[in-house]
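Note sheet for the following structure.
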Amino acid sequence: MNRIYFDNAATTSLDAAVLDSMMPYFTTHFGNPSSIYSYGRESRLAIENARKTVAKLLNAHPAEIFFTSGGTESSNTAITAAVRDLGCKHIITSAIEHHATLHTVEHLRHANEAALSYVKLLPDGHIDLEDLERLLAESKEKSLVTLMHANNEIGNILDIHAVGNTCKKFSAIFHSDTVQTVGHFPFDLRNTPVHFITGAGHKFHGPKGVGMLYVNENVKIKPFVHGGSQERNMRAGTENLYGIVGFAKALELATANYETESAYIKDLKLYMIEQLQKNIQQVAFNGDVLGNSLYTVLNVSFPKTEKSEMILFNLDINNICASGGSACTSGADTGSHVIRAVNNDPNQVAVRFSFSKYNTKAEIDTVVGKLKELI
Ligand SMILES: Cc1ncc(COP(=O)(O)O)c(C=O)c1O
């Protein structure tokens, strides 16, 4: 079966070199990293080397990197710690965050642990930075600002430095969900005014179920899972040894090949825009598609018809993987909270196509040809 995979914002395939780096830890190097004999110490060394690699690539300190199970756990931890440990009693977020953020902040609001404000969005889906400044200026409580670096559905990229500097001005804590940008853009955390960022290995050809949380050395939070002394007493439980090794290897490869791979993928995105405009009438794009936007994500709106309403189903039948929203809602008919917030046009149907280095222009030609038939 010749499947075309255009859903790389949901997850990516594992790189062969990443698997190779992980294999010894599935087989011969199985010692528990907490064991004190040499077998354990070898595993511990692999984890600490992975931490050093990740820290170096992001220009952070190894002590600022915690390995977790992925983006969801990292965001839950950062947001909850900001409220419970750092005294933030007001959370400012946006309506287009991932559910890992939205459901966490709603939970804290329902539990009366923090007040919640949503910053306004501009017509192109970017955050209204003036409104953010107003919300911070009017806040009587210490605030947590949680805004994603890049939106997983429409691809818009936040000016993380501008937001960080605004937060600094009002002594607010700043968490950014960087799941779609870690492994896709260079980071320089020493020179980025942010307290928490997150990453998930499976978004950049690493393994699933492993991620990281960066906690700036100037903030002190309490342990987030209680038990043993793993992750320097912060997150108890035997480590995902092979996952952590794979996470670091995937980030290493992504960083080394960033220039060529990002240029290649951006070219694919531009080619698909051009082909869609040539071949499909009334096609439209959601988000700041040609502006400050992820090179991996293209969110397309088609006019709503009986046929186009079945588009995801029909693409699936034709072995084309794309998504109607974030991964957790893809295929479901619930619609996307992001599309509702940025383009609430009931006469349009939105589909997200997202690319990787393994996609080709020939695949785009096939998909556009199919879309022409299906719309
Ligand atoms: C922006 C964003 N944040 C968080 C997550 C959750 O990451 P994970 O599935 O690794 O927990 C995702 C994955 O869909 C995402 O795209």
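Observations on the model:
Per-residue answers, yes or no, for (1) polar (S, T, N, Q); (2) modelled with pLDDT under 95; (3) surrounded by 19 or more Cβ atoms within 10 Å (Cβ to Cβ):
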residue	(1), (2), (3)
241	no, no, yes
264	no, no, no
267	no, no, no
271	no, no, no
274	no, no, no
279	yes, no, no
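- Boolean, residue 48 is acidic (Asp, Glu), assigned by TED's automatic domain parsing to the domain that holds residue 138, surrounded by fewer than 24 Cβ atoms within 10 Å (Cβ to Cβ) and within 21 Å of residue 181 (Cβ to Cβ): no
- Top-ranked residue of segment 67-99 - restricted to ones that are open to solvent by 20 Å² or more (accessible area, probe 1.4 Å) and more than 30 Å from residue 340 (Cβ to Cβ), ranked as farthest from the ligand (Cβ to nearest atom): 87
- If the condition is being among the β-branched types (Val, Ile, Thr) and under 28 Å from residue 352 (Cα atoms), then segment 149-188 contributes 154, 157, 160, 163, 178, 179, 181, 182.
- Among the candidates 90, 107, 99, 149, residue that is over 21 Å from the mean Cα position of the chain (by Cα) and not small (Gly, Ala, Ser): 90
- When the residues of segment 129-175 are filtered to those that are among the small types (Gly, Ala, Ser) and part of a loop (DSSP other than H, G, I, E, B), the one that is nearest to the ligand (Cβ to nearest atom) is 155.
- Segment 13-32: number of residues that are within 25 Å of residue 71 (Cα to Cα) and either open to solvent by less than 10 Å² (accessible area, probe 1.4 Å) or among the aliphatic types (A, V, I, L, M) (or both): 7
- Residue in segment 251-258 that is in contact with a strand residue (DSSP E or B) (Cβ under 7 Å, 6 or more places away or on another chain) and at pLDDT 95 or above present: no
- Scanning segment 301-313 for residues that are closer than 10 Å to residue 375 by Cα and open to solvent by less than 40 Å² (accessible area, probe 1.4 Å) yields 302, 303, 308, 311.
- Odd one out for residue 239, checked against (1) within 23 Å of residue 24 (Cα to Cα); (2) within 16 Å of the ligand (Cβ to nearest atom): (2)
- Residue in segment 226-235 that is surrounded by fewer than 22 Cβ atoms within 10 Å (Cβ to Cβ), within 15 Å of the ligand (Cβ to nearest atom) and at pLDDT 95 or above present: yes
- One residue from 57, 45 being among the hydrophobic types (A, V, I, L, M, F, W, C), farther than 20 Å from residue 146 by Cα, away from the ligand (no atom under 16 Å from the Cβ) and in contact with a Ser or Thr (Cβ under 6 Å, 6 or more places away or on another chain): 57
- Taken over segment 1-48, the criterion of being part of a loop (DSSP other than H, G, I, E, B) and among the aliphatic types (A, V, I, L, M) is satisfied by 1, 9, 10, 14, 36.
- Taking the criterion of being more than 8 Å from the ligand (Cβ to nearest atom), assigned to a loop (DSSP other than H, G, I, E, B) and open to solvent by 10 Å² or more (accessible area, probe 1.4 Å), the residues of segment 176-202 that qualify are 183, 184, 186, 187, 188, 192, 193, 195.
- Condition met for residue 102 (part of a helix (DSSP H, G or I) and touching a residue at least 40 places away in the same chain (Cβ under 8 Å)): yes
- Considering the conditions (1) touching a residue at least 60 places away in the same chain (Cβ under 8 Å); (2) open to solvent by less than 10 Å² (accessible area, probe 1.4 Å), residue 163 is excluded by exactly one of them, (1).
- When 32, 2 are checked against the criterion of being at pLDDT below 95, farther than 17 Å from residue 248 by Cα and away from the ligand (no atom under 16 Å from the Cβ), 2 stands alone in meeting it.
- Residues of segment 208-220 classified as in contact with a Leu (Cβ under 8 Å, 6 or more places away or on another chain) and crowded, with 24+ Cβ neighbours inside 10 Å, total: 1
- Among the residues of segment 244-266, those identified as touching a residue at least 60 places away in the same chain (Cβ under 8 Å) and acidic (Asp, Glu) are 252, 261.
- Of all residues in segment 100-125, those satisfying the criterion of being open to solvent by 30 Å² or more (accessible area, probe 1.4 Å) and within 26 Å of residue 293 (Cβ to Cβ) are 103, 118, 120, 121, 122, 123, 124.
The values are calculated or read from the model by the stated rules, or taken from the named source; none is laboratory data. Since the model is a prediction, treat every value here as computed from it, not as a measurement. So basically every Cβ, Gly included, is an ideal-geometry build from the backbone, and we count neighbours across all protein chains shown. These accessible areas exclude ligands, DNA and RNA; they are computed on the full protein's heavy atoms, side chains included. Shrake-Rupley method; radii C 1.70, N 1.55, O 1.52, S 1.80 Å.
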